[in-house]
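S.K.: Here it is, the structure, as structure tokens.
Readers should treat all values here as calculations from the given coordinates under stated rules, not as data from a laboratory. Model, not experiment: these values are computed from the prediction. Note: ideal-geometry Cβ built from the backbone for every residue, glycine included; neighbour counts use all protein chains shown.
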Amino acid sequence: MAAATEQERARSQDPGEPHRSRAARSDAAAPSADPAAAPEARRGVAAASTRVRFEPELLDLPGGLSAPVHPAPTVGGELQVPENVDHVGWWDGSAYAGDPFGSTVLAGHIDSAEQGLGFFTELLNLQVGDRVTLRSGTDEVRYRVTSTELIDKDALATDTAAFGQTGDHRLVLITCSGRWRPEVHSYESNFVVVAHRVDQPSR
């Protein structure tokens, strides 16, 4: 009887419709998923960079003192600092403010027979722990003084710590000092201030 029943069901089926199992018909009747209902894929968003890098235009020292900074090239191996003793020169072969490596070198006259004392006489008053800042527009990088030293001019010329462009980033401030030598119209030494960045950004 079971066999006859299956034959009757087969005869009653539409000849043009292939025989399918109940499970197959059930799957075919299931509605497809709505693409609009699928969750939106997450997109990676790059973190905002905290690094600031610029050519310095202004130097701030403690006590609210500031001086404009200008690019200073080297000619014959000598840094050409601004003639105005109230201005400071940024060695254009040194690191930019905020670079991850190398020295940012600023130099200025300590005085002049015609102009009197220069802005960089203030370097002689700096102490370890003092804060100095380089600025350009709204950008700024803050540094903390880590050393001050009187160095012979001949020794400074080969001082890789002062002029080197490798190693941790640092700010180097240089002016003349020591004994005046009238025969060469120059001081015999340089006063050098080294400062390291206060707010280290993520690399």
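S.K.: Go through (1) crowded, with 18+ Cβ neighbours inside 10 Å; (2) out of contact with any Phe, Trp or Tyr (no Cβ under 8 Å at 6 or more places or on another chain); (3) among the charged types (D, E, K, R) and name the single condition Arg197 misses.
M.R.: Checking Arg197 against (1) crowded, with 18+ Cβ neighbours inside 10 Å; (2) out of contact with any Phe, Trp or Tyr (no Cβ under 8 Å at 6 or more places or on another chain); (3) among the charged types (D, E, K, R), the one that fails is (2).
S.K.: On the basis of being out of contact with any Cys (no Cβ under 7 Å at 6 or more places or on another chain) and over 14 Å from Leu173 (Cα atoms), does Gly116 make the cut?
M.R.: Values: out of contact with any Cys (no Cβ under 7 Å at 6 or more places or on another chain): yes; over 14 Å from Leu173 (Cα atoms): yes.
So Gly116 passes the test.
S.K.: Sticking with this structure for a sec: Just one of Gly108, Gly102, Gly98, Gly116 is loosely packed, with under 13 Cβ neighbours inside 10 Å and either of a type in the set (Gly, Ala, Ser) or at negative phi (or both); which is it?
M.R.: Values: Gly108 fails: loosely packed, with under 13 Cβ neighbours inside 10 Å; Gly102 fails: loosely packed, with under 13 Cβ neighbours inside 10 Å; Gly98 fails: loosely packed, with under 13 Cβ neighbours inside 10 Å.
When all the criteria are applied, what remains is Gly116.
S.K.: So, in the range 181-196, exactly how many residues are of a type in the set (Asp, Glu) and farther than 12 Å from Leu150 by Cα?
M.R.: Looking only at that region, the number is 1.
S.K.: Let me ask something else about it. Every residue in the range 66-95 that is loosely packed, with under 13 Cβ neighbours inside 10 Å and β-branched (Val, Ile, Thr), please.
M.R.: If the condition is that a residue be loosely packed, with under 13 Cβ neighbours inside 10 Å and β-branched (Val, Ile, Thr), then Thr74, Val75 are the ones that fit.
S.K.: With the condition kept exactly as written, say whether any residue in the range 166-177 is farther than 23 Å from Glu122 by Cβ and free of Cβ contacts under 8 Å to residues at least 24 places away in the same chain.
M.R.: Filtering the range 166-177 for residues farther than 23 Å from Glu122 by Cβ gives 166-168.
Among the residues that remain, those that are also free of Cβ contacts under 8 Å to residues at least 24 places away in the same chain are: none.
No.
S.K.: Restricting attention to the range 123-180, which residues are of a type in the set (Ser, Thr, Tyr) and either part of a strand (DSSP E or B) or buried (at least 16 other Cβ atoms within 10 Å of the Cβ) (or both)? Before the answer, list the steps.
M.R.: Taking the range 123-180 and keeping what is of a type in the set (Ser, Thr, Tyr), we get 133, 136, 138, 143, 146-148, 158, 160, 166, 175, 177.
Thr133, Ser136, Tyr143, Thr146, Ser147, Thr148, Thr175, Ser177 - these are the residues of the range 123-180 that are of a type in the set (Ser, Thr, Tyr) and either part of a strand (DSSP E or B) or buried (at least 16 other Cβ atoms within 10 Å of the Cβ) (or both).
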